[in-house]
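The values are calculated or read from the model by the stated rules, or taken from the named source; none is laboratory data. Everything numeric here is computed off the predicted structure, so don't read it as measured data. In this analysis, Cβ positions are derived from the backbone assuming ideal geometry, glycine residues included, and neighbour counts consider all displayed protein chains.
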Amino acid sequence: MKIVLNHFKGNKDLVLEEELHPDDLELDIGVMHFPRPLMLHAQAWKSDDELTVQAHVEGERSFTCSLCLEEFNNLFEKDITLHYDIKGLDSVTIDSDVRDEVLLEHPIRILCRPDCRGLCLSCGTNLNLESCDCQGPE
Ligand SMILES: [Zn+2]
Ligand SMILES: [Zn+2]
């Protein structure tokens, strides 16, 4: 999202909306994918030499569970406040800062659900879906 500084009229703020395309932002980082564009809403204020942007980003993420290896999606949203020094600038592009904030929202443990039982280490059965005999009594 590019914010053009001479679009500000007087003291009024500027309200902008844009779809962020995951490919353009290089958002895919292996364990986390974005199957659809993210929605970015932003409200911006300007003083003589500073631009403040309050942004809200939301969208769908998809992960591979680290225990059972199933794909699952989850929705996320985040409010971001950004400040820019705009001395000598005509416009400000906030995409890379939004990208950083989206990637920061990365879960530490990627599990499809808190009690995921994972795969059997011997036979590979998904223990969320069925049980196997591997850990039965000898
Ligand atoms: Zn799982
Ligand atoms: Zn097994």
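List of remarks:
- Which numbered condition ILE110 fails, given (1) in contact with a strand residue (DSSP E or B) (Cβ under 6 Å, 6 or more places away or on another chain); (2) more than 16 Å from ligand 1 (Cβ to nearest atom): (2)
- Residues that are aliphatic (A, V, I, L, M), under 29 Å from MET1 (Cβ atoms) and over 12 Å from the mean Cα position of the chain (by Cα) number at least 2 in the following strands (runs of 3 or more DSSP E) confined to segment 25-138: 38-46, 50-64.
- Enumeration of residues in segment 34-63 that are free of Cβ contacts under 8 Å to residues at least 24 places away in the same chain and surrounded by 15 or more Cβ atoms within 10 Å (Cβ to Cβ): PRO37
- When residues of segment 60-82 are limited to those that are aliphatic (A, V, I, L, M) and over 11 Å from LEU111 (Cα atoms), the one farthest from ligand 1 (Cβ to nearest atom): LEU82
- For segment 97-104, the count of residues that are surrounded by 12 or more Cβ atoms within 10 Å (Cβ to Cβ) and in contact with a helix residue (DSSP H, G or I) (Cβ under 6 Å, 6 or more places away or on another chain) is at least one.
- Residue match in segment 4-23 (condition: in contact with a Leu (Cβ under 9 Å, 6 or more places away or on another chain) and at pLDDT below 90): yes
- All positions within segment 19-32 that are touching a residue at least 24 places away in the same chain (Cβ under 8 Å) and buried (at least 17 other Cβ atoms within 10 Å of the Cβ): LEU20, LEU25, LEU27, MET32
- Sole exception among (1) surrounded by 11 or more Cβ atoms within 10 Å (Cβ to Cβ); (2) modelled with pLDDT under 95; (3) of a type in the set (A, V, I, L, M) for LEU82, by number: (2)
- Any hit, segment 66-78, residues being away from ligand 2 (no atom under 16 Å from the Cβ) and farther than 20 Å from HIS33 by Cα: no
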